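Student: One structure follows; several queries about it will come next.
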Amino acid sequence: MDSALQGFYKLSVSERRKKLAELAKLDAEEVKLLEKFGALDEPTANRMIENVVGSYSLPLGIATNFKINGKDYLIPFAIEEPSVVAAASNGAKIARAGGGFRTSSDEPVMIGQIQLVGVKNENEALKLIAERRHDLLKMAEAVDPTLKKYGGGPVGLEVKKLKGPRGTLVLVHLLVNVADAMGANAVNTMCEKLAPELEQLTEGKVRLRIISNLATKRLARAEAVFPKSILGEDLIEGILDAWALAAADPYRAATHNKGTMNGIDAVVIATGNDWRAVEAGAHAYAAFNRSYEPLTCYHKNAKGDLVGEIELPLAVGIVGGATKTHPLAQLCIKLLGVKNARELAEIIAAVGLAQNFAALRALAGEGIQRGHMQLHARNIAVMAGAKGKQIDEIAKKMAEEKNVKVSRAKELLEAK
């Protein structure tokens with residue numbers, strides 16, 4: 001196969017599929033799979049990315065029991081991993097008994113970075129930029145007057161010297177309130193607008209001018225009480241010990257945070273937001289103190305109940321990008337009933353805490369595999385060819401045997 005396909009992007013979607021079938025030797029049934037577009041129709045998909053040949057579907061589920069700041073929500077999850085939706089719903093149910101989740105968030109301020117190299121006098125450059133701060137902000141504001149109309153726009157300018165492997169550089173941070181957007185396009189455009197002015201001002205050379213995904217000025221937080229009357233004292237101690245390991249060891253912290261992101265990513269994807277940016281920001285924030293730490297923390301209150309907390313950067317929006325072009329993303333935003341990006345971020349933070357609590361509860365109690373494998377067994381049964389009622393029957397048998405394998409599913413299927 002030669003992957004250097006000249007003019008592939010110029011072909012129609014059907015012509016690309018035909019070419020792909022020739023190169024990869026796809027049969028007629030496999031081509032039919034690529035032709036199924038579902039809610040995201042072919043013309044829309046073809047406008048969203050390059051070289052489209054089909055669309056890729058994920059199961060869309062609903063997490064229940066969430067009460068956040070006194071309001072009930074049904075939370076859409078787009079995810080393929082078994083047990084995640086059930087675990088989040090269960091975690092939210094226990095938090096609900098303790099009064100539900102309480103959340104807060106910062107203003108939606110994103111950081112745009114402008115890198116200046118070759119500056120002869122860095123200290124003088126810092127002084128000049130600080131003196132021109134007001135003019136530079138006005139210049140950035142003029143790039144997107146619509147943003148100001150909706151309560152956003154540039155709100156600050158920070159400048160510092162950095163020593164790196166290629167010498168000293170000057171770094172400018174443009175702070176922008178992006179209102180209900182994720183903000184990348186607006187921030188990047190403003191940074192590019194300021195670049196020539198900063199070069200002239202400092203006699204340096206601008207290199208990078210782009211948004212940072214470490215959105216430390218756009219944090220979301222959630223807190224919940226998980227009652228001792230439901231968990232029991234021994235399980236609470238087990239959860240605290242499990243969290244303590246994540247706080248002490250980055251190898252555990254990575255998996256601890258992965259469990260947290262299971263729910264966060266699922267909601268971010270369902271609402272058409274950039275889950276890669278959210279993941280990057282979350283993990284960078286976890287390592288912000290030079291050692292990789294858990295995004296959640298737990299302690300006991302005076303009554304002996306378990307209290308869980310989470311804080312992380314969440315750059316999500318309800319306007320722009322796939323949130324407006326993907327019909328299911330629009331539906332999920334409507335389902336949530338959110339009025340602004342901050343509300344969405346706070347919901348997602350609550351989901352992350354519920355997901356992490358559920359994982360720790362399973363780990364400290366019966367173990368993570370029991371519930372997970374029961375759901376995983378259904379997927380294995382389907383892979384073996386089971387249909388209808390056979391799926392649940394074979395999955396139940398494999399789970400009871402603790403032998404969840406395709407080979408065993410086929411044996412059970414053949415015996416029917």
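Student: Only one of LEU314, LEU295 is closer than 15 Å to GLN355 by Cα and surrounded by 22 or more Cβ atoms within 10 Å (Cβ to Cβ). Can you tell me which?
Tutor: Criteria check complete, one pass: LEU295.
Student: Do we have THR64 as of a type in the set (Val, Ile, Thr) and assigned by TED's automatic domain parsing to the domain that holds ASP265 here?
Tutor: It is true that THR64 is of a type in the set (Val, Ile, Thr) and assigned by TED's automatic domain parsing to the domain that holds ASP265.
Yes/no per residue for (1) within 25 Å of the chain's Cα centre (by Cα); (2) part of a loop (DSSP other than H, G, I, E, B); (3) modelled with pLDDT of 95 or more:
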| position | (1), (2), (3) |
| --- | --- |
| ASP2 | no, yes, no |
| GLU15 | no, no, yes |
| LYS18 | no, no, yes |
| ALA21 | no, no, yes |
| LEU34 | no, no, yes |
| GLY38 | yes, yes, no |
| PRO43 | no, no, yes |
| ALA63 | yes, no, yes |
| PHE66 | yes, no, yes |
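One line per residue, one yes/no per condition, for (1) among the hydrophobic types (A, V, I, L, M, F, W, C); (2) farther than 30 Å from PRO108 by Cβ:
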{"site": "PRO327", "(1), (2)": "no, no"}
{"site": "LEU336", "(1), (2)": "yes, no"}
{"site": "ALA345", "(1), (2)": "yes, no"}
{"site": "ALA349", "(1), (2)": "yes, no"}
{"site": "LEU353", "(1), (2)": "yes, no"}
{"site": "ARG361", "(1), (2)": "no, yes"}
{"site": "GLY365", "(1), (2)": "no, yes"}
{"site": "LYS396", "(1), (2)": "no, yes"}
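Student: Which count do you get for residues in the stretch 296-310 that are among the small types (Gly, Ala, Ser) and either touching a residue at least 24 places away in the same chain (Cβ under 8 Å) or touching an Asp or Glu at 6+ places or on another chain (Cβ under 8 Å) (or both)?
Tutor: Of the residues in the stretch 296-310, 2 are among the small types (Gly, Ala, Ser) and either touching a residue at least 24 places away in the same chain (Cβ under 8 Å) or touching an Asp or Glu at 6+ places or on another chain (Cβ under 8 Å) (or both).
Student: Name the residues in the stretch 120-149 that are closer than 20 Å to ASN177 by Cβ and either among the small types (Gly, Ala, Ser) or outside any helix (DSSP H, G or I) (or both), would you?
Tutor: ALA140, ALA142, VAL143, ASP144
Student: Right, here's the next one. Scan the stretch 261-279 and give yes if some residue there is of a type in the set (Ser, Thr, Tyr) and over 13 Å from LEU360 (Cα atoms), otherwise no.
Tutor: Checked the stretch 261-279: at least one residue is of a type in the set (Ser, Thr, Tyr) and over 13 Å from LEU360 (Cα atoms).
Student: In this structure, is TYR73 in a strand (DSSP E or B) and either closer than 30 Å to LYS148 by Cβ or not hydrophobic (A, V, I, L, M, F, W, C) (or both)?
Tutor: On the way: in a strand (DSSP E or B): yes; either closer than 30 Å to LYS148 by Cβ or not hydrophobic (A, V, I, L, M, F, W, C) (or both): yes.
So TYR73 passes the test.
Student: While we're on this one: Could you please find all residues in the stretch 406-416 being at pLDDT 90 or above and among the basic types (Lys, Arg)?
Tutor: Answer for the stretch 406-416, where residues must be at pLDDT 90 or above and among the basic types (Lys, Arg): ARG408, LYS410.
Student: Just give me the residues in the stretch 261-295 being out of contact with any helix residue (DSSP H, G or I) (no Cβ under 7 Å at 6 or more places or on another chain) and either without any contact (Cβ under 8 Å) to a residue 12 or more places away in the chain or within 20 Å of ILE318 (Cβ to Cβ) (or both), in sequence order.
Tutor: ASP274, ARG276, ALA277, GLY281, ALA287, ASN289, ARG290
Student: Here's a follow-up. Quick test for you: out of ALA224, ALA181, pick the one residue that is in the same structural domain as ALA92 (by TED's automatic domain parsing), surrounded by 22 or more Cβ atoms within 10 Å (Cβ to Cβ) and either at pLDDT below 95 or under 24 Å from the mean Cα position of the chain (by Cα) (or both).
Tutor: On the way: ALA181 fails: in the same structural domain as ALA92 (by TED's automatic domain parsing).
Going through ALA224, ALA181 in turn, just one is in the same structural domain as ALA92 (by TED's automatic domain parsing), surrounded by 22 or more Cβ atoms within 10 Å (Cβ to Cβ) and either at pLDDT below 95 or under 24 Å from the mean Cα position of the chain (by Cα) (or both): ALA224.
Student: Going through LYS148, LYS127, LYS161, LYS120 one at a time, which residue ends up being in contact (Cβ under 8 Å) with a residue 60 or more places away in the chain, in the same structural domain as THR189 (by TED's automatic domain parsing) and among the basic types (Lys, Arg)? Show your work before the answer.
Tutor: Values: LYS148 fails: in contact (Cβ under 8 Å) with a residue 60 or more places away in the chain; LYS127 fails: in contact (Cβ under 8 Å) with a residue 60 or more places away in the chain; LYS161 fails: in contact (Cβ under 8 Å) with a residue 60 or more places away in the chain.
Checking each option against the conditions leaves just LYS120.
Student: Considering the stretch 201-239 alone, what residues qualify as being among the hydroxyl-bearing types (Ser, Thr, Tyr) and closer than 30 Å to GLY112 by Cβ?
Tutor: Selection gives THR202, SER212, THR216.
Student: Let me ask another. Suppose the filter is under 18 Å from ALA92 (Cβ atoms), touching a Pro at 6+ places or on another chain (Cβ under 9 Å) and surrounded by 15 or more Cβ atoms within 10 Å (Cβ to Cβ); does LEU335 pass it? Give the steps one after another, and end with the answer.
Tutor: Numbers: under 18 Å from ALA92 (Cβ atoms): yes; touching a Pro at 6+ places or on another chain (Cβ under 9 Å): yes; surrounded by 15 or more Cβ atoms within 10 Å (Cβ to Cβ): yes.
Against the criterion (under 18 Å from ALA92 (Cβ atoms), touching a Pro at 6+ places or on another chain (Cβ under 9 Å) and surrounded by 15 or more Cβ atoms within 10 Å (Cβ to Cβ)), LEU335 qualifies.
Student: Further question: May I ask you to say which residue of LYS193, LYS205, LYS258 is surrounded by fewer than 21 Cβ atoms within 10 Å (Cβ to Cβ), assigned by TED's automatic domain parsing to the domain that holds GLU124, among the charged types (D, E, K, R) and out of contact with any strand residue (DSSP E or B) (no Cβ under 7 Å at 6 or more places or on another chain)?
Tutor: On the way: LYS205 fails: out of contact with any strand residue (DSSP E or B) (no Cβ under 7 Å at 6 or more places or on another chain); LYS258 fails: assigned by TED's automatic domain parsing to the domain that holds GLU124.
Of LYS193, LYS205, LYS258, the one residue that is surrounded by fewer than 21 Cβ atoms within 10 Å (Cβ to Cβ), assigned by TED's automatic domain parsing to the domain that holds GLU124, among the charged types (D, E, K, R) and out of contact with any strand residue (DSSP E or B) (no Cβ under 7 Å at 6 or more places or on another chain) is LYS193.
Student: Next up: Determine which member of the set ALA266, ALA244 is buried (at least 17 other Cβ atoms within 10 Å of the Cβ), of a type in the set (A, V, I, L, M) and not in a strand (DSSP E or B).
Tutor: Sole residue among the options that is buried (at least 17 other Cβ atoms within 10 Å of the Cβ), of a type in the set (A, V, I, L, M) and not in a strand (DSSP E or B): ALA266.
Student: While we're looking at this one, here's another question. Taking the criterion of being acidic (Asp, Glu), without any contact (Cβ under 8 Å) to a residue 24 or more places away in the chain and within 30 Å of PHE226 (Cβ to Cβ), would at least one residue in the stretch 32-39 satisfy it?
Tutor: No, the conditions are met nowhere in the stretch 32-39.
The values are calculated or read from the model by the stated rules, or taken from the named source; none is laboratory data. Quick caveat, the model's predicted, so the values are computed rather than measured. All Cβ positions, even for glycine, are placed from backbone atoms using ideal geometry, and neighbour counts span all protein chains on display.
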